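For reference, the structure is listed below as structure tokens.
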Amino acid sequence: MPKPTQTRPARARAVPASHKVKLVLHHGIVTGTIPGGTRLVQSSIAEEMAVSTRPVRDALRELAAEGFVRLDDRGGAVVHELCQSELRDIYEIRMMLEPIATARTAKLAGRDSLLRAAGLLAAMESDTDCQQWAAHNSAFHNVIAEAGNSAKMVAILSNLRELSARYITHSITAMPDRAGRANAEHAEILRAIIAGD
């Protein structure tokens, strides 16, 4: 009788160093702990994160492609500064695309997506930390976009939300009552989707 073959458990893939560096820098930029105008020096970041300069360079290139930093000629980057005209552009585009994504979701959303959105709304209503609120807000909108089953729309809106995250965090910090008004707006969006409106 043949012996059963033993299968080895799959080893978890190691996360590339460039991805780890990108996550740390991205979080700092979005939350404002690395403010706009800050110069990011590859060698300093590499030393601080105990990696070589190559993953730092790769991370900065990705952040530049996504609009968070501007690369310079000296092997570094400068964090993109908040700008009223950019904010206007981002929201004009979102105002065109979000209703389309939401209308698709109203037709296609399953129970799981609606429950996730409701859970995120509850988290926004109870969370007083503006950075956490902004993260829940982004996840709420992402769930709605994903439920519409358009990968391209999800990717575009996700990038726009990422670019607007710093503005949202800044706004909520400066005007704490804005979160309450936004929660009411989110509840209205969710009710409309559930009603298929």
- Top-ranked residue of the range 87-124 - restricted to ones that are among the charged types (D, E, K, R) and over 19 Å from the mean Cα position of the chain (by Cα), ranked as nearest to Glu66 (Cα to Cα): Arg104
- Do you know which residues across the range 99-109 are in contact with a helix residue (DSSP H, G or I) (Cβ under 7 Å, 6 or more places away or on another chain) and either over 17 Å from Ile193 (Cβ atoms) or buried (at least 16 other Cβ atoms within 10 Å of the Cβ) (or both)? Ala101, Thr102, Thr105, Ala106, Ala109
- Note on the structure: Among (1) at pLDDT 90 or above; (2) of a type in the set (A, V, I, L, M); (3) crowded, with 17+ Cβ neighbours inside 10 Å, Ile93 falls short only on (3)
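The values are calculated or read from the model by the stated rules, or taken from the named source; none is laboratory data. Just so it is clear, the model here is predicted, and its values are computed rather than measured. Note that each Cβ is placed from the backbone with ideal geometry, even for glycine, and that neighbours are counted across all protein chains shown.
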